[in-house]
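Heads up: the structure comes next, in structure tokens.
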Amino acid sequence: MRKRIMIRFGELALKGKNRGDFERQLVQNIKDALSDLRETEIQKAYGRLYVLVPTDLSEEAADRLKCIFGISSFSFVEEAKPDLADIQQTALKLVMRKLERGKPGSQPESGAPEGQTLLTYKVETRRVDKSFPLTSMEVSRKVGGFLKAHAPLKVDLYEPDLPIHIEIRQEGAFLFSDAIPAAGGLPVGSSGKVLLMLSGGIDSPVAGWLTMKRGVQLEAVHFHSYPFTSEQSRKKVEDLVQILTRYGGKIRLHVVPFTEIQTEIRKNCPESLGITIMRRMMLRIAEKLAVKYRALAIATGESLGQVASQTLESMLTINQVTRLPVLRPVIAYDKQEIIALAKQIGTYDISILPYEDCCTIFTPKSPKTRPRPEMAERAEQALDVDVLVQRAVAQVESVWFYPGQNKKEFQYF
């Protein structure tokens, strides 16, 4: 047997003439996410998608659907004929199953059969198929009356224990009691590609998640300074990428050898400007990778004022070295808000592992908080910037990560 899951779009309903493109991308993303589940089928209808999945795989399918951007919510539905009598009987079956399970914390009340709990209920109907002979209000009233006559229920129009939702559509009548929230946003792949600068801390994975929520396909770049940073720090970043694949499908990670550049900056540049120049070098490299892999922007986990170097003046000076847009999705979030999101998406426990990344190993005692572009340009005259960037890019190692798999595919730039 298979269960039917009704998927609701949310934001996609506002896309007008482009809605079809967004829906096609969402269908493809759902297919990819459920591809290894047997006997799974996707059906399209106006304003809805349906996923049919074997009963024993329904919970696994639900866990995956929760993470797919573009889905606002979904429900396991019971299907009825577009006939009032069949709708009433289906609603009664749905209610009786709920009564058999009971409602935690409820107490038996007068009028309830012994051993059962008296639930409150409300029936809401949405009649999409206007050829159905009854109005939405009439269906709700007739189904509600039938339920009250055949089950130990009482009406509560404001906070019911058991809301019964009915949708009467051209493809049939569907009933459900729960709407399971999903990731929302837009389908990944509908808004172009962005290259995420992924450090391994708390902020950048959250920035990547927020970027994907706007429909962006993600690739990531990590700057690795072995032996200043350990192989454990790289493994930490790989684990973060693996988590992000739950939400964005396959992701390619580009690992940049950064030891030589950091060493040259430390030897030849003022300590107070070290962080600024390091980030300018990172952005130059990220731009080359973005152009190579057709990314339209670069994303970072910078949050305004969170650390001394994350000021508007610093961001302005860093941005001077690239012509690509630099997106900062968490710029207005405070640390506690970012931590809450990291816990929600499952990256927090990995991000706090005590393995340093290249952004923390040479942190100056007194970083320049308001560096001007001309100050950074003057300091960089001591570096052979173009050669250092080209050498780093030539040694980039790229790795594909796939959702739900340990499979990785290596390639070289």
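Would you mind checking Lys44/Lys93; Lys17/Lys66; Lys236/Lys288; Lys98/Lys236; Lys98/Lys142 for any pair whose Cα atoms are more than 32 angstrom apart? Lys98/Lys236, as the Cα separations exceed 32 Å there. Of Met281, Tyr348, Gln217, whose Cα points farthest to the positive end of the dipole of the stretch 193-412 (charges on the beta-carbon: +1 Lys, Arg; -1 Asp, Glu; origin at the Cα centre)? Positive-end residue among those listed: Gln217. Note on the stretch 193-412: the alpha carbon radius of gyration divided by the globular reference 2.2 N^0.38 Å gives 0.95. Restricted to Cα atoms, the chain shows a radius of gyration and a Dmax of 27.0, 86 angstrom.
Relative to the longest principal axis of the C-alpha atoms of the chain, give the angle of the C-alpha long axis of helix 19-33, reported between 0 and 90° and rounded to the nearest 10°. In the chain, helix 19-33 runs at an angle near 90 degrees to the longest axis. Of the trypsin sites (Lys or Arg not before Pro) in the stretch 5-66, the ones in a loop by DSSP (not H, G, I, E or B) with at most 12 other beta carbons within 10 Å are Arg38.
Holding the Cα-Cα limit at 26 Å, pick out from Lys3/Lys122; Lys130/Lys213; Lys3/Lys31; Lys213/Lys368; Lys3/Lys154 the pairs that are longer than that. Over 26 Å apart, Cα to Cα: Lys130/Lys213; Lys213/Lys368; Lys3/Lys154. Within the shell of other residues whose beta carbon sits under 14 angstrom from the beta carbon of Gln170, the net charge comes to +3, with Lys and Arg scored +1 and Asp and Glu -1. Each Cα pair under 8 Å and six or more residues apart adds its separation to the average, and for the chain the resulting relative contact order is 16 percent.
Only beta bridges with both residues in the chain are counted; by DSSP, about 55 percent of them are antiparallel. Annotation: amide H of Gln395 has no partner in the under-5 Å range at sequence separation 5 or more or interchain, hydrogens built in the peptide plane.
Of all the stretches in the chain, which is the longest one without any exposed loop site, taking GluC sites (Glu not before Pro) in a DSSP loop (any state but H, G, I, E, B) with at most 11 other Cβ atoms within 10 Å? Longest stretch, sites excluded: 115-413. With everything on Cα atoms, drop me the angle between helix 259-268 and the longest principal axis of the chain, reported from 0 to 90° to the nearest 10. That helix lies at roughly 50 degrees to the long axis. Summing Cβ point charges (Lys, Arg +1; Asp, Glu -1) relative to the Cα centre of the chain gives a dipole of roughly 820 debye.
Taking the helices alone, the chain has a mean residue ellipticity at 222 nm of -11500 deg cm²/dmol, built from -39,500 (n - 2.57) per DSSP H run of at least 4 residues and averaged over all its residues.
Couplings for the stretch 34-41, taken from phi via the Karplus curve 6.51 cos²θ - 1.76 cosθ + 1.60 with θ = phi - 60°, read 10, 4, 8, 8, 5, 6, 8, 9 Hz in order; Gly and Pro are left as x. Sequence-ordered 3J(HN,Hα) estimates for the stretch 159-173 from the Karplus curve with 6.51, -1.76 and 1.60 and θ = phi - 60° stand at 9, x, 5, 10, x, 9, 9, 10, 10, 9, 10, 4, 8, x, 10 Hz, glycine and proline given as x. For the chain, find the longest principal axis of its Cα atoms and tell me its angle to the long axis of helix 203-213, 0 to 90°, nearest 10. Long axis of 203-213 versus the principal axis of the chain: about 50 degrees.
Between rounded, prolate and oblate, where does the stretch 221-261 land on the alpha carbon gyration tensor, with a ≥ b ≥ c its root eigenvalues, rounded for a/c under 1.5, else prolate if a/b exceeds b/c? Oblate, since a/c reaches 1.5 and b/c is not below a/b.
Rule-based calculations on the coordinates, nothing more; no lab input. Just so you know, these numbers come straight off a predicted model, no measurement behind them. All Cβ positions, glycine included, derive from the backbone under ideal geometry; neighbour counts span all protein chains shown.
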